[in-house]
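The values are calculated or read from the model by the stated rules, or taken from the named source; none is laboratory data. These numbers were taken from a predicted model, which means no experiment stands behind them. Neighbour counts run over all protein chains shown; Cβ positions are idealised from the backbone, glycine included. Ligands, DNA and RNA are stripped out before the accessible areas are found, and what is left, the full protein with its side chains, is counted by its heavy atoms. Shrake-Rupley method; radii C 1.70, N 1.55, O 1.52, S 1.80 Å.
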Amino acid sequence: AKSKGSGDFCFYSAQLNERLHERMQLEFRLRRALEREEFFLEYQPILDGKTGRINAVEALLRWNDPEKGRVMPDSFIPLAEDTGVILPLGEWVLRTACAKVRQWQDAGVMPVRMAVNISGKQFTQGDLSKTVEEALQQSGVHPSWLELELTETCLIHNVEETVKKLFRLKGLNVSLAIDDFGTGYSSLQYLKNFPIDHLKIDRGFINKLCDLPDDRAIVDAIIGIAKAMDLHVIAEGVETRQQAEYLAGRGCDEFQGYYFYRPLSEEKLLEVLSSEAAA
Ligand code: C2E
Ligand code: CA
Ligand code: CA
Ligand code: CA
């Protein structure tokens, strides 16, 4: 067994080495990308369920890698989290998102709320409330225009600490949303103690809304809980008219998804907002 084992070991270790090497390479490229300003944001509109007007946009991070072209967040956020690069990167996102809101408002663009994704590590390890406060101060944006999207998994880790952090953030007067709601280990008990404003139903449930009765039951239940707790519900990943109609019938407050808009470049977003303001 020994000789065979050592052969396996060599094989695995070569593979491991390669993986480790790739990881370090990517970490290096992420840090360099931050310095070279290769990241940029796209903005996906979030519409009012009653009026159909754009209430908000979600800032979505992209990387313009000179080697590989446009890289989507799912392929670099996990590593940015693991390596801690997410802390300076997340700060960049917050500062940039706030600066954009200010720039657009100064230009007379129809004002919209800006939703920013916050990673688990930013919430648990970084001094998030300080970063947010600074981004607001530097940009001069009123906090009511900023919304932070947090995931359930980052909130349930240490509940006592979470409650303190959430109240500190809430004290800045920003809005707080739970993203991907229904996928984590949410407990209704926690929900009651957290100063949360919005629930975003995970797009996995919205997806199958029109053919899976179970998903329909979950969505109905989430909307019911949200209403009972006086939380505003946002459905993400709305791709069809049937989904939108079903959700509107249930009193869902806001919609986001390809059926309405894909994530847009800043330029496209400004076109959309100005044509909407004119309408
Ligand atoms: P998320 O926060 O759940 O963001 C929504 C994702 O769903 C976005 O993918 C968006 O493009 C996509 N989406 C929107 N509408 C539809 C639809 O109708 N159908 C489908 N199939 N997808 C739709 P994206 O931009 O690739 O982002 C993926 C994830 O990366 C985000 O999921 C979020 O977890 C993370 N992310 C993006 N930007 C940031 C950021 O600035 N910071 C952090 N920490 N994470 C980010
Ligand atoms: Ca999100
Ligand atoms: Ca989400
Ligand atoms: Ca997600």
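Of the numbered criteria (1) of a type in the set (A, V, I, L, M, F, W, C); (2) more than 16 Å from ligand 3 (Cβ to nearest atom); (3) under 21 Å from E38 (Cα atoms), the one V112 fails is (3). What's the total number of residues in segment 189-206 that are within 22 Å of D48 (Cβ to Cβ) and either within 11 Å of ligand 1 (Cβ to nearest atom) or out of contact with any helix residue (DSSP H, G or I) (no Cβ under 8 Å at 6 or more places or on another chain) (or both)? Adding up the residues that qualify gives 7. Filtering segment 145-188 to residues that are farther than 19 Å from V112 by Cβ, among the hydroxyl-bearing types (S, T, Y) and within 16 Å of ligand 1 (Cβ to nearest atom) leaves T151, T153, T183, S186.
When segment 173-207 is limited to residues that are of a type in the set (K, R) and within 14 Å of ligand 2 (Cβ to nearest atom), the one that is surrounded by the most Cβ atoms within 10 Å (Cβ to Cβ) turns out to be K200.
Between L94, L47, the distinction of being in a strand (DSSP E or B) and within 16 Å of ligand 2 (Cβ to nearest atom) belongs to L47 only. Number of residues in segment 13-30 that are at pLDDT below 80 and open to solvent by 50 Å² or more (accessible area, probe 1.4 Å): the value is 3.
For (1) over 23 Å from Q256 (Cβ atoms); (2) under 18 Å from the mean Cα position of the chain (by Cα); (3) more than 16 Å from ligand 3 (Cβ to nearest atom), each residue gets a yes or a no:
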residue	(1), (2), (3)
Q138	yes, no, yes
S144	no, yes, yes
E160	yes, no, yes
F167	yes, no, yes
Y190	yes, no, yes
I196	no, yes, no
I201	no, yes, no
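Against the criterion of being in contact (Cβ under 8 Å) with a residue 12 or more places away in the chain, surrounded by 17 or more Cβ atoms within 10 Å (Cβ to Cβ) and among the β-branched types (V, I, T), V163 does not qualify. Among the residues that make up segment 135-144, is at least one of them within 16 Å of ligand 2 (Cβ to nearest atom) and open to solvent by 30 Å² or more (accessible area, probe 1.4 Å)? Within segment 135-144, none of the residues are within 16 Å of ligand 2 (Cβ to nearest atom) and open to solvent by 30 Å² or more (accessible area, probe 1.4 Å). Of the residues that sit in segment 87-117 and are open to solvent by 10 Å² or more (accessible area, probe 1.4 Å) and near ligand 1 (Cβ under 10 Å from one of its atoms), which one is farthest from V141 (Cα to Cα)? So, considering only residues that are open to solvent by 10 Å² or more (accessible area, probe 1.4 Å) and near ligand 1 (Cβ under 10 Å from one of its atoms), the one farthest from V141 (Cα to Cα) is N117. Within the set K208, K200, K170, K227, the sole residue that is basic (K, R) and at pLDDT below 90 turns out to be K208.
Each residue in segment 236-273 was checked for being open to solvent by 70 Å² or more (accessible area, probe 1.4 Å), more than 16 Å from C210 (Cα to Cα) and assigned to a helix (DSSP H, G or I), and 3 pass. Taking every residue in segment 69-81 that is part of a helix (DSSP H, G or I) and pairing it with any residue that is open to solvent by 20 Å² or more (accessible area, probe 1.4 Å) and away from ligand 2 (no atom under 16 Å from the Cβ), at least 6 positions away or on another chain, the pairs with Cβ-Cβ distances below 7 Å are L79/R23; L79/L26; L79/E27.
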